[in-house]
Every structure is written in C-alpha cells, then in structure tokens.
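The values are calculated or read from the model by the stated rules, or taken from the named source; none is laboratory data. Computed from a predicted model, the values in this text were never measured in an experiment. Cβ: placed from backbone, ideal geometry, glycine included. Neighbour counts: every protein chain shown.
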Amino acid sequence: MKLLLVVAAALIDADNRVLIAQRPEGKQLAGLWEFPGGKLDPGERPERALARELKEELSIDVCEPCLAPLTFASHAYDDFHLLMPLYVCRKWDGLVVPAEGQNIKWAHARDLRKYDMPPADAPLIGPLIDFLR
C-alpha cells in the first residue's frame, strides 16, 4: 500500500480559535472540514511544504520556526496509507483569504467535533483540545 505524507496546520488566532477549511466540490472528500495543508513535493521538508501550502491556499506567509509539531495522524484509506503531522501556528503575516474558493471557519477546538471531518483529521482534535487548555 502506498504511503502518502501530507502536512496540516492548526492556525490559532488571538481568541484561541482554530481555522478549518471545507474541501471544495470536485475534490476527494468534498464538503468535509479539515485542517489546511497538503502534500509534500519530492525532496521537500514538511515545514517548507506547509508554509508553501498555507501561502497557496490561504494567502498567508508563515515562517518555518513558527510551526511547532503537535501530533500526527496515521490512517489507512482504501488505496493508500496517510501519515499527517499536525503543526500549530499562532503567528503569520497577512490576512487569511481562501485562495481556492474554499469555505473557512474559525472554531474553538472544543467545537471541532461538530464538523464533519475526514477520518484522518478527526483524531487530531483531542490533542489540540489538550494543547489549548
């Protein structure tokens, strides 16, 4: 089974809310809410990939030292196995503007279970709630 490494960010605002984005129509798992991020390019470091993805998806600049690893998810889908480290980030430059037409929402970590999320994202909520206590 193919191993797919993707990175995700829990962007945390001044009110301790976390940004989630809704997967757009036409993509796999469309309509589900997820932590922003994406796939690594060949030879790319996870932190570099995450900074690039956040720029592409949300129009913000994140410096790599502002990304702190928190936890990870390991999930077997039908045709691949996903490994996804989750980083927390409290500091970025620019305003969060969805660049790919996706819906976004700022939510308190304790409320994240109210949103339908992909199977790999859901296990990340507990460690994030603990972190933000």
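For the reader, a short list of remarks on this structure follows.
- Of all residue pairs spaced 6 or more apart or on separate chains, those with beta-carbon atoms under 9 Å, a first member in region 97-108 that is within 18 Å of Glu25 (Cα to Cα) and modelled with pLDDT under 95 and a second member that is surrounded by 14 or more Cβ atoms within 10 Å (Cβ to Cβ) and among the basic types (Lys, Arg) are Ala99/Lys55; Gln102/Arg23.
- Only residues that are in contact (Cβ under 8 Å) with a residue 60 or more places away in the chain and either of a type in the set (Asp, Glu) or surrounded by fewer than 18 Cβ atoms within 10 Å (Cβ to Cβ) (or both) were counted across region 83-95, and they come to 2.
- Search result, residues across region 2-43 that are over 11 Å from the mean Cα position of the chain (by Cα) and on the phi > 0 side of the Ramachandran plot: Asn16, Gly26, Leu29, Gly31, Gly43
- Subset tally (residues that are under 16 Å from Tyr115 (Cβ atoms) and in contact with a Lys or Arg (Cβ under 8 Å, 6 or more places away or on another chain)) for region 22-46: 7
- Any pair with Cβ under 6 angstrom, 6 or more apart, that starts in region 63-78 at a residue that is without any contact (Cβ under 8 Å) to a residue 40 or more places away in the chain and surrounded by fewer than 15 Cβ atoms within 10 Å (Cβ to Cβ) and ends at one that is outside any strand (DSSP E or B) and of a type outside the set (Ser, Thr, Tyr): Glu64/Glu47; Glu64/Ala51
- Enumeration of residues in region 5-32 that are over 17 Å from Tyr87 (Cα atoms) and part of a strand (DSSP E or B): Gln22
- Options Glu34, Glu44, Glu25: the member that is acidic (Asp, Glu), free of Cβ contacts under 8 Å to residues at least 12 places away in the same chain and either surrounded by 12 or more Cβ atoms within 10 Å (Cβ to Cβ) or under 16 Å from Trp106 (Cα atoms) (or both): Glu44
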